[in-house]
Protein chains: 2
Amino acid sequence: MSEEEKGGTAWRSLGEFIRAQRELANLSMRQLAEIAKISNPYLSQVERGLYKPSADVLKSIANALQISAETMYAQAGLLDDSKGEAGSHHGVEHAIKIDPQLTVDQKEALIRIYRSFTSKG
Amino acid sequence: MSEEEKGGTAWRSLGEFIRAQRELANLSMRQLAEIAKISNPYLSQVERGLYKPSADVLKSIANALQISAETMYAQAGLLDDSKGEAGSHHGVEHAIKIDPQLTVDQKEALIRIYRSFTSKG
DNA sequence: GCTGTGCGCTAAGTATACCAAGCACCTGCT
DNA sequence: AGCAGGTGCTTGGTATACTTAGCGCACAGC
């Protein structure tokens, strides 16, 4: 049933998260695999959840995708959830609010768009 | 670069760190292995640096020793670099990327808008 | 048409993380 | 002298992370 029906991609697995991040970065599997120094078939299998990569592969992939290793581990469920950086859904709004580069108008616009995306489709 | 220069107590290896923590907690190998749900021979091998444990074993050991998983990963050298966004202005972009409620398309849209705001100031 | 190059995926193999059983040693008890 | 119960370590096997070779498909140029 519907993976997308909640209006968002709630990552069922680490693999889906990685795939989404890879596509966000506009990288092909071979490109990402090359940067992360792993083989492309293995990346394929990881993204489909067939294997759970070891920590240093995870770190390598995180680096290649320019996201922090901590975020990666959090997604992999390998950090104790005491951190609470990814889970809270005011994360985006909060980040917008405290961004010193944005004007108040811009913040309001971004938050409005963000809410339109998340407020049920 | 050696780990020594990171200041403070420098453990030559993850195994030595684990062993020291275990002894500090006055636990035998079998006791710790039991709590961490791993076998005691394996723990022995890990402490002597013969094998590098996977992330979830690491987490389990950290849990059993009542130290944070992050400390463990840092000791394992799995967190140290990855400065992908730590110091840069990616706070908002990062929050967007890891938000599970957004679809990939929505993320792209938001990030594009955000960049358009921040690129010209 | 055919050829070359990109994509993601499959198949089969190698490397290694991890476990169950057991060994050698020590210490206390009878 | 035994044996019971503790320690850490070795051995041999199984499960799984990871690689190399190659498949099938789509889209370019000759």
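The values are calculated or read from the model by the stated rules, or taken from the named source; none is laboratory data. Keep in mind it's a predicted model, so treat the numbers as computed, not measured. When we count neighbours, we look across all protein chains shown, and the Cβ atoms used for this are built from the backbone with ideal geometry, even at glycine. These accessible areas exclude ligands, DNA and RNA; they are computed on the full protein's heavy atoms, side chains included. Shrake-Rupley method; radii C 1.70, N 1.55, O 1.52, S 1.80 Å.
So here's what we get for this one:
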{"quantity": "So A:GLN31, is it within 9 Å of chain B (Cβ to nearest Cβ), out of contact with any strand residue (DSSP E or B) (no Cβ under 6 Å at 6 or more places or on another chain) and of a type outside the set (Asp, Glu)", "calculated": "no"}
{"quantity": "Hey, A:GLY8 at pLDDT below 95 and either more than 11 Å from chain B (Cβ to nearest Cβ) or loosely packed, with under 15 Cβ neighbours inside 10 Å (or both) or not", "calculated": "no"}
{"quantity": "In the stretch A:99-108, the residues that are within 7 Å of chain B (Cβ to nearest Cβ) and in a loop (DSSP other than H, G, I, E, B)", "calculated": "A:ASP99, A:GLN101, A:LEU102"}
{"quantity": "Close pairs from the stretch A:28-42: first free of Cβ contacts under 8 Å to residues at least 60 places away in the same chain, partner in a loop (DSSP other than H, G, I, E, B) and open to solvent by 50 Å² or more (accessible area, probe 1.4 Å), Cβ under 7 Å, at least 6 apart", "calculated": "A:ALA33/A:SER39"}
{"quantity": "Residues that are within 16 Å of A:LYS37 (Cα to Cα) and more than 7 Å from every other protein chain (Cβ to nearest Cβ), drawn from the stretch A:59-74", "calculated": "A:SER60, A:ILE61, A:ALA64, A:LEU65"}
